[in-house]
Amino acid sequence: MIKNGHHSQSERAAEKRKRMVRVWCDGCYDMVHYGHSNQLRQAKAMGDHLVVGVHTDGEISKHKGPPVFTQEERYKMVRAIKWVDEVVEGAPYVTTLETLDKNNCDFCVHGDDITLTVDGKDTYEEVKRMGRYRECKRTQGVSTTDLVGRMLLMTKAHHTNMDNSDYQQHADNFGKGPQGHSPWTGVSQFLQTSQKIIQFASGKEPQPGDTIIYVAGAFDLFHIGHVDFLETVFKQAENPYVIVGLHFDQEVNRYKGKNYPIMNIHERTLSVLACRYVSEVVIGAPYTVEKDLLDHFKVDLVCHGQTEVFPDKDGVDPYAEPKKRGILRIIDSGNSLTTDDIVQRIIENRLQFEARNQKKEAKEMSVIEALRRREEEGKSQAATQ
């Protein structure tokens, strides 16, 4: 119906709905890291509305091995990634046309690695065959396997000493099956670029009327405890602008010891930037929250969680200045999970994780072998014709 030469509002709305491209992504999203976030960022860029299916604990245990996080924790982690519009809980492990149609999705997006079922089949076979599959680039330098491996290694030197024999030994146990080395499972180093930071950053400046909230920490192995904390911080104001100060690796190592941080400063930057409650990140923030920093960012409120505050190198209270100004607020997010707890979960399951990764590796290698054989057969057939 056209009124005075214009479409009615309901027709325009219907048209807009028709044009909206809905994209489907799915996965375990166990130990969600910036590699997952980058996949979801790329998927969202291919359409208008991103729907993410997350598998249950039962499905993951059947096809891969024990997940580190519970399904409830994983659903919440994925919801906190800023490119995600909708989460489908308990999505099937094998992606079918039925899954896409049921969720009104035009196509599904996955990284350029292989995902296999327990019996070695490609989980995206059907949607690939029907032309409803798109690929995005896998983020080099990170995988859940690699992060688990870093935790099991527990050495102070894992950022600088990638070629020491302990590290190689761990890489052999972790990322290699008996028949060689899969390009998707294994230990590699992440290379940060300014382009990647720009892609992850919100680029939004604080607006008049925003409450500028500053929090600082390691935010290592960005996890559900961090998400709950940042969400609670975000809710402290009507128009929050949350700035996260990330400490350099050496600083984190000084107050945390052992092999912390597990993720280096570049990896931690992307992990935090991907969170929908964060507006800006200070890369390598000073440990003590000083006058200069508070004035520079015009900070209205400084928040800290329930975790222990370690004194600065000189024995100084790092929050003395915010306390003096009366702007420090201690936040109880109701979640006491720490990076230490996660490392504990991993170590307790160590043997299961090692078996899981070797099994995954062996499956990937057999697929690579099959693809290579198919390619060679194709070449020899072409040659005889």
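From the residues in the stretch 169-215 that are open to solvent by less than 20 Å² (accessible area, probe 1.4 Å) and closer than 30 Å to residue 279 by Cα, which one is modelled with the lowest pLDDT? It comes out as 200. Residue 121 - would you say it is over 18 Å from the mean Cα position of the chain (by Cα), over 30 Å from residue 221 (Cβ atoms), of a type outside the set (Asp, Glu) and at pLDDT below 85? Yes, satisfied. Of the residues making up the stretch 338-353, those that are touching a residue at least 24 places away in the same chain (Cβ under 8 Å), surrounded by fewer than 18 Cβ atoms within 10 Å (Cβ to Cβ) and over 22 Å from residue 268 (Cβ atoms) are 349, 350, 352. Pairing each residue of the stretch 35-58 that is without any contact (Cβ under 8 Å) to a residue 40 or more places away in the chain with any residue that is surrounded by fewer than 24 Cβ atoms within 10 Å (Cβ to Cβ) and among the basic types (Lys, Arg), provided the two are 6+ apart or on different chains, yields C-beta distances under 7 Å for 49/22; 50/44.
Test residue 73 against the criterion of being touching a helix residue (DSSP H, G or I) at 6+ places or on another chain (Cβ under 7 Å), surrounded by fewer than 20 Cβ atoms within 10 Å (Cβ to Cβ) and farther than 13 Å from residue 40 by Cβ, and give yes or no. No: the conditions fail for residue 73.
The residues listed here are 281, 244; of these, the one that is within 19 Å of residue 80 (Cα to Cα), surrounded by 23 or more Cβ atoms within 10 Å (Cβ to Cβ) and touching a Leu at 6+ places or on another chain (Cβ under 7 Å) is 281. With the condition kept exactly as written, say whether any residue in the stretch 40-51 is at pLDDT below 95, within 26 Å of residue 192 (Cα to Cα) and within 11 Å of the chain's Cα centre (by Cα). Looking for residues that are at pLDDT below 95, within 26 Å of residue 192 (Cα to Cα) and within 11 Å of the chain's Cα centre (by Cα), one finds none in the stretch 40-51, hence no. Residues that are of a type in the set (A, V, I, L, M), touching a Pro at 6+ places or on another chain (Cβ under 7 Å) and touching a residue at least 12 places away in the same chain (Cβ under 8 Å) within the stretch 295-316 comprise just one, 302.
Residue-wise test of (1) in contact with a Phe, Trp or Tyr (Cβ under 8 Å, 6 or more places away or on another chain); (2) among the acidic types (Asp, Glu); (3) open to solvent by 50 Å² or more (accessible area, probe 1.4 Å); (4) over 17 Å from residue 143 (Cα atoms).
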{"residue": "48", "(1), (2), (3), (4)": "no, yes, yes, yes"}
{"residue": "57", "(1), (2), (3), (4)": "no, yes, no, yes"}
{"residue": "83", "(1), (2), (3), (4)": "no, no, no, yes"}
{"residue": "86", "(1), (2), (3), (4)": "no, yes, yes, yes"}
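Considering only residues in the stretch 287-321 that are assigned to a strand (DSSP E or B) and among the hydrophobic types (A, V, I, L, M, F, W, C), the one that is farthest from residue 339 (Cα to Cα) turns out to be 301. Screening the candidates 145, 155 for the property of being modelled with pLDDT under 80 and not in a loop (DSSP other than H, G, I, E, B) yields one hit, 145. Applying a threshold of 9 Å to beta carbon distances and a minimum spacing of six or more residues, or different chains, the list of pairs starting in the stretch 367-385 at a residue that is without any contact (Cβ under 8 Å) to a residue 60 or more places away in the chain and ending at one that is β-branched (Val, Ile, Thr) and part of a helix (DSSP H, G or I) is empty.
Selection within the stretch 90-101: residues that are open to solvent by 20 Å² or more (accessible area, probe 1.4 Å) and not in a helix (DSSP H, G or I). The member of this set that is modelled with the lowest pLDDT is 94. As for the stretch 106-116, it holds at least one residue that is open to solvent by 20 Å² or more (accessible area, probe 1.4 Å), modelled with pLDDT of 95 or more and either touching a Lys or Arg at 6+ places or on another chain (Cβ under 8 Å) or not hydroxyl-bearing (Ser, Thr, Tyr) (or both). Among the residues making up the stretch 247-263, none is under 15 Å from the mean Cα position of the chain (by Cα) and open to solvent by 30 Å² or more (accessible area, probe 1.4 Å). Annotation note: Cβ proximity below 7 Å between a residue of the stretch 102-124 that is closer than 21 Å to residue 44 by Cβ and outside any loop (DSSP other than H, G, I, E, B) and a residue that is of a type in the set (S, T, N, Q) and at pLDDT 70 or above (sequence gap 6+ or interchain) occurs for 108/95; 111/39. A Cβ distance below 7 Å, combined with a sequence gap of six or more or placement on separate chains, defines the contacts here; from the stretch 317-337, residues that are surrounded by 14 or more Cβ atoms within 10 Å (Cβ to Cβ) reach residues that are at pLDDT 95 or above and basic (Lys, Arg) in the pairs 321/291.
The values are calculated or read from the model by the stated rules, or taken from the named source; none is laboratory data. All values derive from a computational prediction rather than experimental measurement. Methodologically, a virtual Cβ is constructed for each residue, glycine included, from the backbone with ideal geometry; neighbour enumeration extends over all protein chains shown. Heavy atoms of the whole protein, side chains included, go into the accessibility calculation; ligands, DNA and RNA do not. Shrake-Rupley method; radii C 1.70, N 1.55, O 1.52, S 1.80 Å.
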